[in-house]
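These notes concern the structure reproduced below.
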Amino acid sequence: MYSATKIRTGRLGVVLCRHLSSAEISTALRPFYFSVHPDLFGKYPEQRKTNENSLQQLSALIEAQQSSRTMSIPALSFYLRKKDMPEGHFKLVKIKLNGNNVRETVVKVLSACDISTGYVDKIPTNTIKTEFSKQDFAKAYQEYNDEFEKVSHMKRKVEEKKAINNIVNWIHENSELAKEKYESTKATRDHVHSLTEDLCKSYGIKEVKYDSGWNISHIRGALQSLVSLASQHSKDMINLKGRTIALGQFTGVSLDGDVFLNIIDVRNEWLSLIKKVSQQDGALSQIPNYEKALSTILRDIHICRRKFMPKVSAIQYCNHLRQLITSIGDFYGQGKKFPSSVPDSLSKYEIVVEPEAGPLMVSPTGQFITPSSCPADELVTFIANHLDEATLLLTEYSINKHVEKALYIEVKERYGLLELHKDDSITPALMIMCCQRLLTRIDKLNTKLRGNILYVTHYYSVLSEGVLCIPWDFK
């Protein structure tokens, strides 16, 4: 896509000042993607989540800049894999991006990561080309995708050679190590508990919680910073009375009214939110009205939120709802309608509205997931074409969630686990299969797993705080 302004004409045609094309952006950022791609951080959930969140925001910003729209985002954080750093060690960079110039954004991202900007520097700022070739973008994206797939394939081959082919042997080898790590972090956990209790008692905070993906030492450091901030600005802390504080991936008031503080943000950003938290509450009170309006124009479809949907503030969510409502309103204003195959009421179906850079899809639990920027024509067609799929998945989920809960309790009790958790991406159907297979090995694993914390995900690992990670499809 070109965002161009005519500056003069001549025999060669119209000379344009333009942004980088999508193909040029894809090519320029390719080495950056290979340093931060979430698939490269499978064993490091904290770094993977950070990079996923930042890549989503970067994508949305570039899309807005290409469309000549102004968009403000917080500083983006990325963990970089470096060849000269040992396994498990990463470089953390924070990139502040402002303005509406795509070229400037790409150069800033590359420079912050110590990646050459030579390719961008050679691209002229003026061009006589007047339209963007979708074929060029498709080709560039396919080349990048193919190249990344080759790297991923090679990585998988290496991993397969080292793959664990027997969960019984792996747990026998690592369960004691996990318990030792858990005991070694007891003092840190106790300190975290003490800090949260002090915050609640001193400032009337209802609860302090944090994302499980963070290392416990990071949580302690963040809490210490919050305690220090609170002591210096005790008058402002009254704004948090009766509120739930959550340490996580963004700074803002969540859709549930929780006050989120991004662990990697500076304290001034926390203080800014605490001082004006009531302003965000105003947006929170408007959400039910927007959701009701959207439901009404989509034939009473139920507006939902995914448990693990991308974190957004109440203000951002209101903007997303308003954007989609406007698009659908224009759809009706043009005299368009739902296809006759769609029932008059969609009240038994669910839809989730996510940020502009999100996917248009049916989730594994049967919910329609749409980005707020989705054109109304495309959304209506997608809903009409996927009603059967959504019905099937919703029915399956309504059954599976009860089965999963029962198996979860049984596995935890029979194995004597301290805790049992799963990754966001593990659906109830996958968790059911995992629990059923775990129970078939009760005679071989019972004593070894007792007293451990088990985390079901896609890989084997023993985390620093003593959590045993196993893949749901273990052998």
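The values are calculated or read from the model by the stated rules, or taken from the named source; none is laboratory data. Everything numeric here is computed off the predicted structure, so don't read it as measured data. Glycine gets a Cβ as well: all are built from the backbone with ideal geometry, and neighbour counts include every protein chain shown. Calculation scope for accessible area: heavy atoms of the full protein, side chains included, ligands and nucleic acids excluded. Shrake-Rupley method; radii C 1.70, N 1.55, O 1.52, S 1.80 Å.
Structure notes:
- Among the residues of segment 388-415, just one is small (G, A, S) and touching a Gly at 6+ places or on another chain (Cβ under 7 Å), namely A390.
Let's see how each residue does on (1) within 19 Å of N169 (Cα to Cα); (2) free of Cβ contacts under 8 Å to residues at least 12 places away in the same chain; (3) not in a loop (DSSP other than H, G, I, E, B):
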residue: K401; (1), (2), (3): no, no, yes
residue: E410; (1), (2), (3): no, no, yes
residue: G451; (1), (2), (3): yes, no, no
residue: Y455; (1), (2), (3): yes, no, yes
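- Test: residue in segment 322-329 that is under 26 Å from the mean Cα position of the chain (by Cα), farther than 30 Å from Q280 by Cβ and free of Cβ contacts under 8 Å to residues at least 60 places away in the same chain: no
- Annotation: H458 fulfils all but one of (1) of a type outside the set (D, E); (2) open to solvent by less than 70 Å² (accessible area, probe 1.4 Å); (3) in contact with a Pro (Cβ under 8 Å, 6 or more places away or on another chain); (4) within 29 Å of K179 (Cα to Cα); the unmet one is (2).
- Scope segment 169-201; condition open to solvent by 70 Å² or more (accessible area, probe 1.4 Å) and basic (K, R); matching residues: K186, K201
- Some residue of segment 429-446 being in contact with a Cys (Cβ under 9 Å, 6 or more places away or on another chain) and modelled with pLDDT of 90 or more: no
- Taken over segment 29-60, the criterion of being open to solvent by 50 Å² or more (accessible area, probe 1.4 Å), of a type in the set (D, E) and out of contact with any Pro (no Cβ under 6 Å at 6 or more places or on another chain) is satisfied by D39 alone.
- The one condition from (1) open to solvent by 60 Å² or more (accessible area, probe 1.4 Å); (2) within 20 Å of L346 (Cβ to Cβ); (3) touching a residue at least 12 places away in the same chain (Cβ under 8 Å); (4) assigned to a helix (DSSP H, G or I) that N289 does not meet is (3).
- Scanning segment 433-443 for residues that are over 26 Å from P38 (Cα atoms) and surrounded by 15 or more Cβ atoms within 10 Å (Cβ to Cβ) turns up C435, L438, R441.
- Criterion applied to V352, V342, V312 was being touching a Lys or Arg at 6+ places or on another chain (Cβ under 8 Å) and either closer than 20 Å to G248 by Cβ or part of a strand (DSSP E or B) (or both), and the one residue passing it is V352.
- When we screen I245, I274, I205, I219 for residues that are in a helix (DSSP H, G or I), in contact with a Ser or Thr (Cβ under 9 Å, 6 or more places away or on another chain), without any contact (Cβ under 8 Å) to a residue 60 or more places away in the chain and buried (at least 19 other Cβ atoms within 10 Å of the Cβ), the only hit is I219.
- Apart from one condition, H421 fits all of (1) open to solvent by less than 70 Å² (accessible area, probe 1.4 Å); (2) part of a strand (DSSP E or B); (3) in contact (Cβ under 8 Å) with a residue 40 or more places away in the chain; (4) not polar (S, T, N, Q); the exception is (1).
- Residue count for segment 92-129, restricted to those that are modelled with pLDDT of 85 or more and open to solvent by less than 50 Å² (accessible area, probe 1.4 Å): 16
- Counting residues in segment 349-360 that are more than 30 Å from L273 (Cα to Cα) and within 18 Å of the chain's Cα centre (by Cα) gives one or more.
- The set of residues in segment 51-70 being under 16 Å from the mean Cα position of the chain (by Cα) and touching a residue at least 60 places away in the same chain (Cβ under 8 Å) consists of N53, Q56, Q57, S59, A60.
- Matching residues, segment 222-242, being of a type in the set (A, V, I, L, M) and either touching a His at 6+ places or on another chain (Cβ under 7 Å) or exposed (fewer than 13 other Cβ atoms within 10 Å of the Cβ) (or both): I238
- Subset of segment 297-316 (residues that are modelled with pLDDT of 95 or more, on the phi < 0 side of the Ramachandran plot and open to solvent by 80 Å² or more (accessible area, probe 1.4 Å)): H302
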